[in-house]
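What follows is calculated from the coordinates using simple rules that are stated; it is not laboratory data. Not measured: the values here are computed from a predicted model. Cβ: placed from backbone, ideal geometry, glycine included. Neighbour counts: every protein chain shown.
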Amino acid sequence: MRGRLASRKIAWSLTAKPDEELIGEVLAGDAGAFNELSTRHRPRVERLCQRFFSDPEMARDLAQESFIRAYTALASYRREMPFGGWLRSIVINLCYDELRRRRRRPEELVGDFNAPEVQWMHLVNDASPEDLVGDAEERREAHDLAHRLLDTLRPEDRMVMVMKESEDMSVAEIAQTMGWSEAKVKIRAFRARQSLRKQAERMLAAGRDR
Amino acid sequence: MNCFETRQEFPALWRKTATEERRAELLAHLKSCAKCDHAFRVFALTAPVLYSATEPGGRIAIERRVGALARRGAMVSRGSTWQRQMVAMCAGVMVLFMASAAAYLSVTVPVSSYSDEITNSESALDLPAADTSVMGNDFAG
């Protein structure tokens, strides 16, 4: 089954037009070609937005906004850079603006956990690593608690964590995307990791006490 | 496997991109080292958002590879005549080879035993080790 899906995907990829060709068609006046581009990149863009915001509706709105920005700025796209990377910069900057705009960052974890969240915290404390890996993906509360932990970070620290850990971006790439120095990126990454560890330790302790 | 190596492999363990052998080593180390076990539990609290299974070591990496393959194919198709002829020749040879292999297998090997062999083969389940050396995942310890 997996093999059949993979071969279908490879067949699709070999017949599909490359991004650069579609961009050329959009710039030549064929707006329909942009639909194909957005369909191709939308899942990845939405997943990236969901790493910053737990509300799926909001993540979808931000993804949509990113495509609108990309469309209006398409003339400034330089072909020596992959379209996916260029689009990712737009998404990241949009999410950064939104994180700063919201400005309601709890300095400390809010301690009111609902029953499923407490259950997940118990599991993290007591279950075997194997069970944790298996269970987390299906548990909404695991995602919610992770977002709550990440919400305690400063917006710039959170940006660095997501770009470095989730997107596998190098320090130089992050610095270029955000317009920061590499030293600033390293300091932010260090502080973000320290802060996250501190908050996660507290959450684990809270789970043990309940 | 030492503590540093183990913690570097947390994302691969979470994304299920580690090989069976590596995974077994990691789990054995976590069982024997209380500090790494604790570090993994700290890691697990943010992992559902930061390291979800499909990103980027899994599906996205495959998409990137397939995309690169497609781009390379497109570049060749825009290339000179001899390049196109070479590609057409290679494709023809591959099709012939696959067709003859399929015909041979359908005659000599019963379908059920062949599929059983694939399903039960350990080597069919082996996955390449994920390269997580760039992640610097040391926030847990």
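Quick notes on this one:
- Label point distance in nm, residue B:1-residue A:122, each placed 7 Å from Cα along Cα→Cβ: 2.9 nm
- When only alpha carbons of the stretch A:108-210 are considered, Rg and Dmax amount to 15.4, 45 Å.
- Extension gain (nm, one decimal) between residue A:80 and residue A:58, 0.36 nm per residue minus Cα-Cα: 4.7 nm
- With R₀ fixed at 41 Å, the C-beta to C-beta distance from residue A:65 to residue B:31 puts the FRET efficiency at about 0.30.
- Using alpha-carbon coordinates, inclination of helix A:115-126 to the longest axis of chain A, degrees: 80 degrees
- Label-to-label distance, nm, for residues given as residue B:88 and residue A:183 (7 Å Cα→Cβ offset): 6.0 nm
- For chain A, the longest principal axis of the Cα atoms and the long axis of helix A:140-151 meet at an angle of about 90 degrees.
- Given R0 = 35 Å, the distance between the Cβ atoms of residue A:139 and residue A:20 translates into a calculated FRET efficiency of 0.30.
- The stretch A:76-183 - charge dipole about Cα centre, Lys and Arg +1 at Cβ, Asp and Glu -1, debye rounded to 20: 840 debye
- Across the stretch A:108-210, the mean sequence separation of Cα contacts (distance under 8 Å, 6 or more residues apart), normalised by length, yields a relative contact order of 36 percent.
- Within chain A, helix-based [θ] at 222 nm, where runs of 4 or more DSSP H residues each add -39,500 (n - 2.57), nearest 500: -24000 deg cm²/dmol
- Rounded to the nearest 20, the size of the Cβ-charge dipole of chain A about its Cα centre is 440 debye, with Lys and Arg at +1 and Asp and Glu at -1.
- Of A:133, A:162, A:45, the residue with the greatest mean-square motion in the GNM of chain A, using alpha carbon springs below 10 Å, is A:133.
- Only Cα sites of chain A enter the Debye sum here, all with the same form factor; the resulting log10 I(q)/I(0) across q = 0.08, 0.13, 0.17, 0.18 1/Å is -0.36, -0.88, -1.23, -1.30, listed in q order.
- Crossing angle, helix A:2-15 versus chain A [Cα axis fit, 0-90 degrees, rounded to tens]: 40 degrees
- Extreme residue, positive dipole direction of the stretch B:3-50, given options B:26, B:44, B:4 (C-beta unit charges): B:44
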